[in-house]
Amino acid sequence: MEALELLDLVAGGENSRVQLKENVTNPTSAAQEIVAFANSKGGTLIIGVNDKTGDIVGLSFADLQRINNMLSTAASDLVKSPVVIETETVDVAGKKVLVAHIPEGSDKPHTDKDGLIFLKNGADKRKVTSKEELSRMLQSSGNLYAEEKILYYSSFDDFDWEKFRIFYKDKFKQAPDISDPKRLIHNFRLGDDKHLNVAGALLFGKNLHRLLPQFFITAIWFAGNNLADDVYKSSENIIGTIAEQYNRGFDFIRTKINYVQGNKGFNSLGEPEIPLLVISEILINALIHRDYFVNDSIKIFIFQNRIEIKSPGRLPNSLTVDEVRLGMRKSRNFILASNAPDLIDYRGSGSGVLRALQAYPNIEFQHFPEAEQFNVIIHRPAHETQI
């Protein structure tokens, strides 16, 4: 790093990616700073700068040696799992500053020696205590998936074997041998020796109102354009398997949009104002890729000027809205995604959003990480807005 680059960072002050320290003397505190960066997006620890004024105070040769050894020891011995950091010394007008580059961790959640978990919270760090937040960190590192959570109040009696038989026969062109149900459940990763998991229930479950009452679709057709309006034309809570929620959710939207005659005859059904492919792709993505650690419903809101489909949770694995628009996809629900193509019109190739945008470009994507929500807004043709 050049001196000018360092001065630019210092001039920007502390934030979630930059931490300033005049000196470091406590290895436990240093380890906690490394943990917070590793559990977030990584960052830069700059030592030898007054964090209040931004003045370069510099470090002695002895301090540089001591802090370098302290940071490397903290990262390897006091952080679990260990983190590999890089350090460099930058000369600013004759004053030496130590810069430590801390990467985003690959085995989240990282902890300090006492098992405490920290995250960056703006310029500061905070302790993680929420089970949901811990679950998401485990999921981001591939150590835990919401769809594999065992439903200990379920049994194989809650599994719809007739639906599974039809699915299996369509997929493999032969009937399944259901004399050993435990083997089938294991092979398809749908549960353990006695119980279903979330994926098993969502794909083939019965009694979903009892097994997974928190995972459903709230569908409301509003009279106007304001979410706060207390007047609506129709509403429905749609609960069931992934396929059942998709079919009923799709029909809810399909029957509420306008159909345009165009060049068709008087007795024709007309063309939908929004291509049905768009509705299908957006709804499928909401069901397959939502965060099942968040106990909330998917929302379908139909307004006069737009249709909103709101998915609980953040985008997975640092995915951005721009990447979504480019058709990039990072799955968090592999069991659902691998079996869904045989149950609903889902390809799983990551091209669904691209197909939707090509068919109807006036789609807006909104990501609210702190509120744990991802919104897709389909602007209706009579009220088109340039996106």
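Numerical summary
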| item | result |
| --- | --- |
| A175 vs. criteria at pLDDT 90 or above, of a type in the set (A, V, I, L, M, F, W, C) and assigned to a loop (DSSP other than H, G, I, E, B) | yes |
| Failed condition for R355, given (1) under 14 Å from the mean Cα position of the chain (by Cα); (2) among the charged types (D, E, K, R); (3) not in a loop (DSSP other than H, G, I, E, B) | (1) |
| F164 vs. criteria surrounded by 14 or more Cβ atoms within 10 Å (Cβ to Cβ), touching a Gly at 6+ places or on another chain (Cβ under 9 Å), more than 17 Å from Y292 (Cα to Cα) and in the same structural domain as P341 (by TED's automatic domain parsing) | no |
| Test result for L45, under 18 Å from E22 (Cβ atoms), surrounded by 16 or more Cβ atoms within 10 Å (Cβ to Cβ), free of Cβ contacts under 8 Å to residues at least 40 places away in the same chain and among the hydrophobic types (A, V, I, L, M, F, W, C) | no |
| Qualifying residue in region 192-213 (condition: farther than 26 Å from F159 by Cα and not hydrophobic (A, V, I, L, M, F, W, C)) | no |
| Residue list for region 65-111, restricted to those being assigned to a strand (DSSP E or B) and surrounded by fewer than 16 Cβ atoms within 10 Å (Cβ to Cβ) | E86, E88, T89, D91, K95, H101 |
| Residue within region 25-41 that is assigned to a loop (DSSP other than H, G, I, E, B), touching a residue at least 12 places away in the same chain (Cβ under 8 Å) and under 36 Å from the mean Cα position of the chain (by Cα) present | yes |
| Only listed residue being at pLDDT below 90, among the aliphatic types (A, V, I, L, M) and assigned to a loop (DSSP other than H, G, I, E, B), chosen from L144, L59 | L144 |
| Filtered residues of region 338-375 (kept if closer than 21 Å to N295 by Cα, at pLDDT 90 or above and out of contact with any Leu (no Cβ under 9 Å at 6 or more places or on another chain)) | Q366, F368, Q373, N375 |
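Per-residue answers, yes or no, for (1) over 19 Å from I378 (Cα atoms); (2) surrounded by fewer than 18 Cβ atoms within 10 Å (Cβ to Cβ); (3) in contact with a strand residue (DSSP E or B) (Cβ under 9 Å, 6 or more places away or on another chain):
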| site | (1), (2), (3) |
| --- | --- |
| R254 | no, yes, yes |
| N258 | no, yes, yes |
| L269 | yes, yes, yes |
| L277 | no, yes, no |
| D291 | yes, no, yes |
| I300 | no, no, yes |
| F303 | no, no, yes |
| R314 | yes, no, yes |
| S318 | yes, yes, no |
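The values are calculated or read from the model by the stated rules, or taken from the named source; none is laboratory data. For clarity, every value in this text was computed on a predicted model and none was experimentally measured. Neighbour counts run over all protein chains shown; Cβ positions are idealised from the backbone, glycine included.
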